[in-house]
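Down below is the structure, laid out as structure tokens.
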Amino acid sequence: MNFFYRLSLYFFAIQLVFSIILLGALPFNSNIYAMYHTLAISLFMLLTAAMGIYFSWKGQGSRIIADAWLVISIVTAYIAIDVSPFFNSPMKPLELALTSIVTVIWIVDLYLAWRMKLPILKL
């Protein structure tokens, strides 16, 4: 397993842990809409982490890159929506921190893929 696949596997494992943390934090949301919003992003992160672990394990670089782009786009949209006052809840700082870390992780992963001359814009 080369460096990129191993690093991506670690990143997906981190994302998997973060999604489980967000699922565990669901009962602490005081706002029902915020709870559903958190449920949606945590299930999305859980699904993409499972897909990414499989892709990393099988050495499918282009699918890892596609998964990274998908995570960045959806999680960034989640962050943009989550900062609205409509979704106020006591778990908001945790949610924003974890999703921001996940976004940064995948930006770093794409940068490393680009540095390793993997095609990140052509799948």
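The values are calculated or read from the model by the stated rules, or taken from the named source; none is laboratory data. Everything quoted here is computed from the prediction, not taken from an experiment. Cβ placement follows ideal geometry from the backbone for every residue including glycine, while neighbour counts extend to all protein chains displayed.
A few comments on the model shown:
- Restricting the stretch 3-36 to residues that are free of Cβ contacts under 8 Å to residues at least 12 places away in the same chain and farther than 16 Å from Thr48 by Cα leaves a set whose member that is surrounded by the most Cβ atoms within 10 Å (Cβ to Cβ) is Tyr36.
- Screening Met91 with (1) over 17 Å from Phe18 (Cα atoms); (2) more than 17 Å from the chain's Cα centre (by Cα) gives one miss only, at (1).
- Residue match in the stretch 106-120 (condition: of a type in the set (D, E, K, R) and surrounded by fewer than 16 Cβ atoms within 10 Å (Cβ to Cβ)): yes
- Test for Val75: is it hydrophobic (A, V, I, L, M, F, W, C), touching a helix residue (DSSP H, G or I) at 6+ places or on another chain (Cβ under 7 Å), buried (at least 17 other Cβ atoms within 10 Å of the Cβ) and within 12 Å of Phe11 (Cβ to Cβ): no
- Condition check for Tyr33 on (1) modelled with pLDDT under 90; (2) under 23 Å from Arg6 (Cα atoms): one failure, at (2).
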